[in-house]
1. What do the square roots of 5 times the Cα gyration tensor eigenvalues come to for the stretch 1-120, in whole Å, largest first, as semi-axes of the equivalent ellipsoid?
2. Would you be so kind as to identify which of 60, 10, 72 lies farthest towards the positive end of the dipole of the stretch 1-160, taking Lys and Arg as +1 and Asp and Glu as -1 on Cβ and the Cα centre as origin?
3. Charges only on Cβ, +1 for Lys and Arg, -1 for Asp and Glu: so what's the dipole of the stretch 10-121 about the Cα centre, in debye to the nearest 20?
4. What share of the DSSP beta bridges in the chain is antiparallel, in percent to the nearest 5?
5. For the chain, with the dipole built from +1 on Lys and Arg beta-carbon atoms and -1 on Asp and Glu ones, taken about the Cα centre, which of 199, 236, 262 lies farthest toward the positive end?
6. Per 5 Å bin from zero, what fraction in whole % of the C-alpha pairs of the chain is there, up to the bin with the longest pair?
7. Taking the alpha carbon gyration tensor of the stretch 187-235, what are the square roots of 5 times its eigenvalues, largest first, to the nearest whole Å?
8. So if I place +1 on the C-beta of Lys and Arg and -1 on the C-beta of Asp and Glu, and nothing else carries charge, what would the dipole magnitude of the chain be about its Cα centre? I want it in debye, nearest 20.
Amino acid sequence: MRGMRSAGAVGFSDDGVTVMNAALMRDALTLSAELGFPIMVHCEEHNLNAGAVMNLGETSRKLGLIGSPNAAEDIIVARDIMLAEMTGGHLHVLHVSTAGGVRLIRQAKKRGVHVTAEACPHHWILTDTEVEKQGTNAKMPQPLRTQTDIDAIIEGLCDGTIDAIATDHAPHAPSEKAQGMLDAPNGIIGLETCLPLVFTYLVQPGHLTLTEVISKMTVIPANILGIDRGTLSVGAVGDVTVIDIDSVRPVDVTKSCSKSRNTPFTGWELKGWQVITLRDGREL
């Protein structure tokens, strides 16, 4: 990690497979405190969710599928918060999906623990009942949870407990997603639908202002990573998205720039679409 940091790495992640060895996570967070980078964690206690393909609840029992309890996420969130508090390291919790996780992060921030967090649109819009309707296009880690969890995540976004908005973009070929709930890979595509989902389900209902959600998608994530991005200041890198806040249209995966089609939002009518994207000053 020292070598990668020297070579320019801005953060480190378990990439979706939780580090179950607490001593190893302690050591990583100790280096985080020393060298100044975030440890970005996917929080699942793998002994509690072995074989799980969705949230544990009424829908999983109805479908006869193994479910992952909220506790599987909350236990690791709590553990890593305690380790960050002990070491002074910077913990960043990826794709928070539970009310318990939001509560733990909020309490830690009040104690002064260096913890940041993010959430994804599907976790504040969809419940686990979508699995029955959409099958593998609603299979993802963390799994879709309940309305109680959705409400807590929205509250966390509003009060600053959840700092950033992310997508957890995970493209898979249609043939892979067609394998059924037990064998299909986890994840959905999210890059193209993130902005209109945010506008439609956070800005329009009045949960957050447009300025607040833009901050959570630009300058705040950049600050978490310690990189010079996310602003429109003079001399900044020209990474810019132009938004038409009056644009209303349905999600049409046949017109997606991705070769993948794994989204649960097909056909949803959304408002506030991006119309131009510039990367380093060049239109994509």
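1. Working from the Cα gyration tensor, I get semi-axes of 28, 16, 11 Å.
2. 10
3. Taking the Cα centre of the stretch 10-121 as origin, the dipole is about 440 debye.
4. Bridges in the chain are about 45 percent antiparallel.
5. 236
6. That works out to 1, 6, 12, 16, 18, 17, 15, 10, 5, 1, 0, 0, in percent per bin.
7. The three semi-axes for the stretch 187-235 are 22, 15, 9 Å.
8. 140
The values are calculated or read from the model by the stated rules, or taken from the named source; none is laboratory data. Note that this is a predicted model, so its numbers are computed, not measured. Here the Cβ is made from the backbone with ideal geometry for all residues, glycine too, and neighbour counts use every protein chain on show. Heads up: the accessible areas ignore ligands, DNA and RNA and are worked out on the full protein's heavy atoms, side chains in. Shrake-Rupley method; radii C 1.70, N 1.55, O 1.52, S 1.80 Å.
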